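Here is the structure we will look at, set down as structure tokens.
The values are calculated or read from the model by the stated rules, or taken from the named source; none is laboratory data. None of these values were measured; they are calculated from a predicted model. All Cβ positions, even for glycine, are placed from backbone atoms using ideal geometry, and neighbour counts span all protein chains on display. Only protein heavy atoms, including side chains, enter the accessible area calculation; ligands, DNA and RNA are left aside. Shrake-Rupley method; radii C 1.70, N 1.55, O 1.52, S 1.80 Å.
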Amino acid sequence: MHVIFLGAPGSGKGTQAKRLVSKHGFVHISTGDLLREEVAKKSELGLRIDSIMQSGKLVDDATVFELLKKNCDLGKKQYIFDGFPRNFDQAQTLDLSLLKGSKYKVIYFELNTDILVSRLTLRRVCGSCGEIFNVKSAPPQVEGKCDKCSGALVHRKDDSEEVIRERMAVFAQTMNPVLDYYNKQKVLFRLDASLDAGDIFSKLEGLVCL
Ligand code: AMP
């Protein structure tokens with residue numbers, strides 16, 4: 001079974017995905033990560049999307065979908081889609097062109113905006129292995145360094161308050177039709193993302209590892 005994670009930036013999807021990968025062998029695919037890799041490589045695509053991503057707006061559907069198709073092989077493994085779909089068209093395309101009848105569940109991480117803004121402004125991410133820290137609630141042992149691989153921790157450019165608010169607004173505008181779509185298909189499950197990460201993980205395991 002595949003899993004789709006929905007939730008605003010900062011709702012904890014990435015952290016929970018890492019746990020499902022290490023304990024249950026899922027493959028985690030984040031469209032945000034794939035797009036950031038293109039920006040870092042300064043590929044033609046990366047140069048085109050850099051300013052869009054810095055502003056918090058969405059990259060066009062065709063670009064995102066092409067990148068996604070290139071990077072997953074659904075027949076072989078169980079995937080966690082993180083950050084995709086972001087709008088109704090992406091949800092339909094995912095069903096028709098990629099999942100094509102495969103079994104999946106959709107998990108929606110719910111959290112209020114003030115908590116999200118505070119989490120994201122304090123978030124630091126390892127530039128090498130992607131491990132996620134929070135300078136207040138989950139700080140690294142050595143400031144600015146990843147506990148796992150000693151890589152340098154970075155504050156993502158789009159994790160500034162102004163851009164976060166724009167990302168939240170985009171999320172709110174585009175997500176309701178996606179939630180309706182999955183609700184009608186009875187594959188949508190809501191999780192309270194303000195709970196402790198361990199509690200969320202137990203609930204998640206109950207839903208997707210039966
Ligand atoms: P994320 O890491 O998921 O918060 O995504 C960071 C940024 O990447 C977003 O603000 C968008 O600019 C872009 N992005 C990520 N996933 C998608 C997607 N499925 N569709 C369009 N843009 C995306």
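Brief remarks follow.
- Here ALA17 passes the criteria (1) more than 20 Å from VAL187 (Cβ to Cβ); (2) in a helix (DSSP H, G or I) except the one numbered (1).
- The single condition among (1) at pLDDT 95 or above; (2) farther than 18 Å from LEU120 by Cβ; (3) under 18 Å from the mean Cα position of the chain (by Cα) that THR174 does not meet is (1).
- Scanning region 155-179 for residues that are open to solvent by 40 Å² or more (accessible area, probe 1.4 Å) and touching a strand residue (DSSP E or B) at 6+ places or on another chain (Cβ under 9 Å) gives HIS155, ARG156.
- Given (1) free of Cβ contacts under 8 Å to residues at least 24 places away in the same chain; (2) under 21 Å from GLY32 (Cβ atoms), index of the condition GLN141 fails: (2)
- Lone qualifier among SER194, SER137, SER118, SER160 - being at pLDDT 90 or above and either touching a helix residue (DSSP H, G or I) at 6+ places or on another chain (Cβ under 6 Å) or of a type in the set (Gly, Ala, Ser) (or both): SER194
- Filtering region 19-30 to residues that are open to solvent by less than 50 Å² (accessible area, probe 1.4 Å) and either touching a Leu at 6+ places or on another chain (Cβ under 6 Å) or more than 16 Å from PHE5 (Cβ to Cβ) (or both) leaves only PHE26.
- Elements of the type helices (runs of 4 or more DSSP H) sitting completely within region 34-141 and holding at least 3 residues that are surrounded by 14 or more Cβ atoms within 10 Å (Cβ to Cβ) and away from the ligand (no atom under 13 Å from the Cβ): these cover 113-122.
- Scanning region 136-153 for residues that are of a type in the set (A, V, I, L, M) and either in contact with a strand residue (DSSP E or B) (Cβ under 6 Å, 6 or more places away or on another chain) or closer than 28 Å to VAL106 by Cα (or both) returns ALA138, LEU153.
- ASN112 meets the conditions (1) touching a residue at least 24 places away in the same chain (Cβ under 8 Å); (2) under 27 Å from ILE49 (Cβ atoms) in every case but one. The failed one is (2).
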